[in-house]
Amino acid sequence: MRVVFMGTPDFAVPTLARLAQDGHDIAAVYTRAPARAGRGMSLRPSPVHALADTLGAPVLTPATLRTPEAAETFAAHRADVAVVVAYGMLLPQAILDAPRHGCLNLHGSLLPRWRGAAPIQRAVMAGDAESGVGVMRMEAGLDTGPVALEARLPITPGMTAGALHDALMPLGADLMARALAALDAGTLTFAPQPEDGIVYAHKITNDEARIDWSRPAAEVANRINGLSPFPGAFFEVDLGKGSERVKVLRAAPAEGSGAPGTLRDSDGTVACGDGAVQLLELRRAGKGGSASGAEFVRGARLTPGARLG
C-alpha cells in the first residue's frame, strides 16, 4: 500500500521499519522538526527522521498542518492510508480525510482507558495490571475513533514506564503490520470504543515528579516507576553541600513504618504515609551512573532516621 507515515520518537521507529520491511510504499514521512540537544545544543533530527533518511523516504517537518498549503501538499501524496504513531501534532479534518482509507493511529493503551498524551506513564502510575496497544481509525476527537485491533501486555510488579514502553514498541509494530495487511485485503473491521471506562492520560508535568512520602507505599512506588526514566521522580536531601536532588528510577513496596520520608535502614527503605518503599535504583543530580538503594545510602553516608524531602 502507499503509506504516509507520521511519527517522531523512538516508540514510532519499529513501526516505520516494519512497514518498509513489509514492502509498503512509504510516500512521505512526517515528523517534528530537528530540535537542539546535547552539550553543543546542535540540531538533532527525531528518531523517525533519522530512520526515514536511511530508508530514502521523503521527510517533511511542517510547523503546522492547519493551512491550505499543508493540506494540498498532504493530498498530493495520494496515499492509501496514513499511519500515525506518537506524531505529536493534532491532525485537522482535511488531513484525516485525504488518504483513501483514512488515518490509522497506533495508541499505547487499551482504549478508552488512557486516551491522550501519556498513556504508558499513566498506566504504571495508576497501578494498572495490564496495558497494550491498539490500532484506531482517527477522528477529530482526541483518541475517540473506533478500534480495529488490540494486543495486551501485563504490567509486572516493579515494571517501569521505560520497560513497558520498550515492550510495547515491537508489539505495536506487529499489530500495525497486521492491520495494514487486513486493510489491503479488505478484511479490517472497526468497533466503536465503549462509552464506559474513559480515562485521560494528561501530559506529565514537572510538579508531579517530587515524591510525596505522605502517600501510601504502593502509590509512591507506582509513581516512581511510572515516571522512570523520564522525567524521573525525585527527592531532595542534604549530602554535605546543601540540598541536592536525587532521582529514584525504581522502587517497590516494602515492610516498615514511621514518619513519612524517614530513612528506615541502610538498604534504602523509606517510610511512607502507609507502609514503606524500597528504593531500588537512584541517580544523583549531575551524575551519569545509577546506584542501588544500599549503595546510595552508603556513598551518601546517610543513617537511619535521616529525612528525605
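The values are calculated or read from the model by the stated rules, or taken from the named source; none is laboratory data. Quick caveat, the model's predicted, so the values are computed rather than measured. Glycine also receives a Cβ, built like all others from the backbone with ideal geometry; neighbour counts cover every protein chain displayed. When the accessible area is computed, the model is the full protein with side chains, heavy atoms only, and any ligands, DNA or RNA have been set aside. Shrake-Rupley method; radii C 1.70, N 1.55, O 1.52, S 1.80 Å.
Numerical summary
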quantity	calculated
Residue in the stretch 261-273 that is modelled with the lowest pLDDT, counting only those that are open to solvent by 40 Å² or more (accessible area, probe 1.4 Å) and touching a Lys or Arg at 6+ places or on another chain (Cβ under 8 Å)	SER266
When residues of the stretch 274-309 are limited to those that are touching a residue at least 12 places away in the same chain (Cβ under 8 Å) and among the acidic types (Asp, Glu), the one surrounded by the fewest Cβ atoms within 10 Å (Cβ to Cβ)	ASP274
Top-ranked residue of the stretch 179-191 - restricted to ones that are touching a residue at least 40 places away in the same chain (Cβ under 8 Å) and in contact with a strand residue (DSSP E or B) (Cβ under 8 Å, 6 or more places away or on another chain), ranked as most open to solvent (accessible area, probe 1.4 Å)	THR189
Qualifying strands (runs of 3 or more DSSP E) (wholly inside the stretch 21-90; at least 2 residues being modelled with pLDDT of 95 or more)	25-30, 81-85
Residue count, the stretch 135-165 (criterion: assigned to a strand (DSSP E or B) and surrounded by fewer than 23 Cβ atoms within 10 Å (Cβ to Cβ))	9
Residue in the stretch 191-204 that is more than 17 Å from ALA285 (Cα to Cα) and assigned to a helix (DSSP H, G or I) present	no
Matching entry among ALA27, ALA12, ALA35, ALA52 (being of a type in the set (A, V, I, L, M) and without any contact (Cβ under 8 Å) to a residue 12 or more places away in the chain)	ALA35
